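Working notes, beginning with the structure itself.
The values are calculated or read from the model by the stated rules, or taken from the named source; none is laboratory data. Being a predicted model, the structure only gives us computed values, none of them experimental. Methodologically, a virtual Cβ is constructed for each residue, glycine included, from the backbone with ideal geometry; neighbour enumeration extends over all protein chains shown.
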Amino acid sequence: MTKPNVVGIVPARGGSKGIPRKNIRPLLGKPLIHYTLSAALRCKALDRVVVSTEDEEIARIAKACGAEVVARPGELAQDDTPSIPVFRHVVEHLKREEGYLADIIVVLQPTSPLRKAEDIEAGIRKYQGNPCDSVISVCPVEHPPQWMYRLEGDRMVALLGEDKRVLRRQDAPTVYRLNGAVYVVGRDWLMAKDWLIGDNSLAFVMAPERSLDIDTEMDLVIAEAFLRGRPG
């Protein structure tokens, strides 16, 4: 059997409203994207690591880290641009320009600096070892949804309904959330569907301490604390 071509795609546009220039925001003296590229380039299960960006500074940083860069068209770098067309653009570019057929695509968001190479490899291994649409990384939810409420004015209304209320954490079933760290999908699924999660998607459970997704300034503070305490 021919070994499949496994490509890591790191989507990194220049714009960001929550944290300006988030993808290259310094974190312990290194741009945020460095941590994702470092983990990806250490992952032996990835044949190539490609950054999709429209931003020249991000492209320079990515190349300095050792990654390849595919220039993203401006129309795919807007605030409201869906993710799937970005990934398809990279796959189509590699095929058109190099005749290279990506069989398995691994999406690695640059906002997960605590993810390790072994997390990426484990996700790929699970995808290759099971018949499925995709493998998606998740982590346990910090607080059970039974503790969540929406507000009608100031009145608290149980999100799941009063009949689902639990008072003790240990009485609530374990639930998981997407952590944004690793998405593994086949080329055929990616090119045909508009979402990476299908009816037969499998979860890859990651440790909470490696599941931080940078979205706020506080997240950067937390990431820095974890990275300072991480050996190596």
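Check whether at least one residue in the stretch 137-149 is under 23 Å from TYR35 (Cα atoms), surrounded by 13 or more Cβ atoms within 10 Å (Cβ to Cβ) and over 13 Å from the mean Cα position of the chain (by Cα), and report yes or no. Steps first, please.
Step one: list which residues in the stretch 137-149 are under 23 Å from TYR35 (Cα atoms), which gives 137-140.
Okay, now just the ones that are also surrounded by 13 or more Cβ atoms within 10 Å (Cβ to Cβ), so 137-140.
With the extra rule that they be over 13 Å from the mean Cα position of the chain (by Cα), the set shrinks to 140.
Checking the stretch 137-149: at least one residue is under 23 Å from TYR35 (Cα atoms), surrounded by 13 or more Cβ atoms within 10 Å (Cβ to Cβ) and over 13 Å from the mean Cα position of the chain (by Cα).
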Out of (1) assigned to a loop (DSSP other than H, G, I, E, B); (2) under 17 Å from the mean Cα position of the chain (by Cα), what's the single condition that is false for THR174?
(2)
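Give me the residue from the stretch 1-21 that is out of contact with any Phe, Trp or Tyr (no Cβ under 8 Å at 6 or more places or on another chain) and buried (at least 23 other Cβ atoms within 10 Å of the Cβ) and, out of that set, farthest from ILE104 (Cα to Cα). Write out each step before concluding.
First pass over the stretch 1-21, keeping only residues out of contact with any Phe, Trp or Tyr (no Cβ under 8 Å at 6 or more places or on another chain): 1-4, 6-8, 10, 12-21.
Now drop any that are not buried (at least 23 other Cβ atoms within 10 Å of the Cβ), which leaves 7-8, 10, 12.
Details: VAL7: 6, GLY8: 9, VAL10: 14, ALA12: 20 Å.
Only one residue tops the list, namely ALA12.
Please verify whether LYS193 is among the basic types (Lys, Arg), over 26 Å from ALA39 (Cβ atoms) and either without any contact (Cβ under 8 Å) to a residue 24 or more places away in the chain or out of contact with any helix residue (DSSP H, G or I) (no Cβ under 7 Å at 6 or more places or on another chain) (or both), treating the condition exactly as stated.
Values: among the basic types (Lys, Arg): yes; over 26 Å from ALA39 (Cβ atoms): yes; either without any contact (Cβ under 8 Å) to a residue 24 or more places away in the chain or out of contact with any helix residue (DSSP H, G or I) (no Cβ under 7 Å at 6 or more places or on another chain) (or both): yes.
For LYS193, the condition - among the basic types (Lys, Arg), over 26 Å from ALA39 (Cβ atoms) and either without any contact (Cβ under 8 Å) to a residue 24 or more places away in the chain or out of contact with any helix residue (DSSP H, G or I) (no Cβ under 7 Å at 6 or more places or on another chain) (or both) - is met.
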Could you tell me whether the stretch 99-118 includes any residue that is surrounded by fewer than 14 Cβ atoms within 10 Å (Cβ to Cβ) and more than 23 Å from ILE33 (Cβ to Cβ)?
yes
Spot the failing condition for ALA158; the list is (1) of a type in the set (Gly, Ala, Ser); (2) farther than 30 Å from ARG25 by Cβ; (3) within 21 Å of the chain's Cα centre (by Cα), and only one is missed.
(3)
Surrounded by 17 or more Cβ atoms within 10 Å (Cβ to Cβ), at pLDDT 95 or above, aliphatic (A, V, I, L, M) and in contact with an Asp or Glu (Cβ under 7 Å, 6 or more places away or on another chain): which single residue out of ALA40, ALA59, ALA45 fits that description?
ALA45
